[in-house]
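Take a look at the structure set out below.
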Amino acid sequence: MLVNEGVMDAFGHISVREPSDPGKYLMSRACAPNLITTEDILEFTLESDPVQPTKTQLFAERVIHGEIYKARPDVMAIVHCHPASLLPFCISATPLVPVFLMGATIGRHVPFWNQQDEFRDTALLVVKPEEGRSLARALGQNSIVLMKRHGATIIGANLPDLVFRAVYACRNADAQSAAHALGNVVALSEGEIERAGALCSRAGGFSSRTWDFWRHQLDLAGNDAAEG
């Protein structure tokens with residue numbers, strides 16, 4: 001679904017906290033997100049070790065997920081991605097701000113994490129537990145953190161909430177970039193962010209409707225591919 005909506009490509013990874021055990025999370029083996037099957041899903045501890053020994057290749061950056069789950073008991077799903085719409089904000093450090101109704105889901109503040117500040121020059125991957133902890137600290141109580149010259153990590157209260165937030169973070173970035181090109185960007189007010197954000201995150205609300213819509217779009221895309 002996130003690939004179909006332009007949030008993910010061959011890279012990036014998504015996880016959900018184990019519903020019956022908050023001390024574990026579920027994540028696939030290392031592969032392109034649109035190729036994942038149920039057989040690829042593995043269970044991990046919050047130390048990001050597989051519960052069952054495996055010889056399959058794992059995502060090197062899985063510590064992002066484990067460390068955020070440790071720091072944020074309220075988080076039930078996480079995606080790390082590199083969408084083209086968000087990358088200009090990761091490169092320029094221009095603040096990403098909510099500029100329309102659904103964009104309010106990114107919240108009042110989008111922090112910016114520069115890996116160089118603590119770890120000097122790296123390959124820009126987050127592979128060490130201490131790097132994951134640093135990213136989790138930068139995220140704080142926010143819903144998205146931008147990573148300098150890398151991408152973004154986004155959290156959700158559940159899987160539909162995560163997908164909604166990730167898609168509309170990208171669409172908000174597109175709208176903000178277009179407004180910059182026109183010469184004027186006006187962010188939502190504090191009150192608008194609070195009220196629109198609550199509306200977007202309401203159970204059974206926008207995220208439920210968009211989940212059904214994007215699932216249908218995904219089915220249509222699959223059918224078109226099969227017919228082609």
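Quick notes
- Candidates Ala104, Ala93, filtered to the one that is over 14 Å from the mean Cα position of the chain (by Cα) and modelled with pLDDT under 95: Ala93
- Residues within the stretch 107-126 that are at negative phi and under 15 Å from the mean Cα position of the chain (by Cα), tallied: 5
- When Val126 is tested against the conditions (1) surrounded by fewer than 22 Cβ atoms within 10 Å (Cβ to Cβ); (2) assigned to a loop (DSSP other than H, G, I, E, B), the lone failure is (1).
- In the set (1) within 30 Å of Ala178 (Cβ to Cβ); (2) in contact (Cβ under 8 Å) with a residue 40 or more places away in the chain; (3) aliphatic (A, V, I, L, M); (4) touching a helix residue (DSSP H, G or I) at 6+ places or on another chain (Cβ under 7 Å), Val145 fails one condition alone, (2).
- Yes/no for Ser143 being surrounded by 18 or more Cβ atoms within 10 Å (Cβ to Cβ), among the small types (Gly, Ala, Ser) and more than 16 Å from Gly6 (Cα to Cα): yes
- All conditions but one from (1) open to solvent by 50 Å² or more (accessible area, probe 1.4 Å); (2) within 19 Å of the chain's Cα centre (by Cα) apply to Leu86; the one that does not is (1).
- Of note, Ala175 satisfies the criterion of being open to solvent by less than 70 Å² (accessible area, probe 1.4 Å) and of a type in the set (A, V, I, L, M).
- Residue, farthest from the chain's Cα centre (by Cα), within the stretch 166-225, restricted to residues that are among the hydroxyl-bearing types (Ser, Thr, Tyr) and part of a helix (DSSP H, G or I): Ser177
- The requirement of being farther than 26 Å from Leu46 by Cβ and open to solvent by less than 50 Å² (accessible area, probe 1.4 Å) is not satisfied by Gly156.
- Selection within the stretch 152-211 - of a type in the set (S, T, N, Q) and modelled with pLDDT under 90: Asn184, Ser201, Ser207, Ser208
- Some residue of the stretch 100-107 being assigned to a helix (DSSP H, G or I), surrounded by fewer than 21 Cβ atoms within 10 Å (Cβ to Cβ) and touching a Phe, Trp or Tyr at 6+ places or on another chain (Cβ under 6 Å): no
The values are calculated or read from the model by the stated rules, or taken from the named source; none is laboratory data. All values reported here derive from a predicted model rather than from experimental measurement. We place every Cβ from the backbone using ideal geometry, glycine too, and count neighbours over all the protein chains shown. Accessible surface areas use protein heavy atoms only, side chains included; no ligands, DNA or RNA. Shrake-Rupley method; radii C 1.70, N 1.55, O 1.52, S 1.80 Å.
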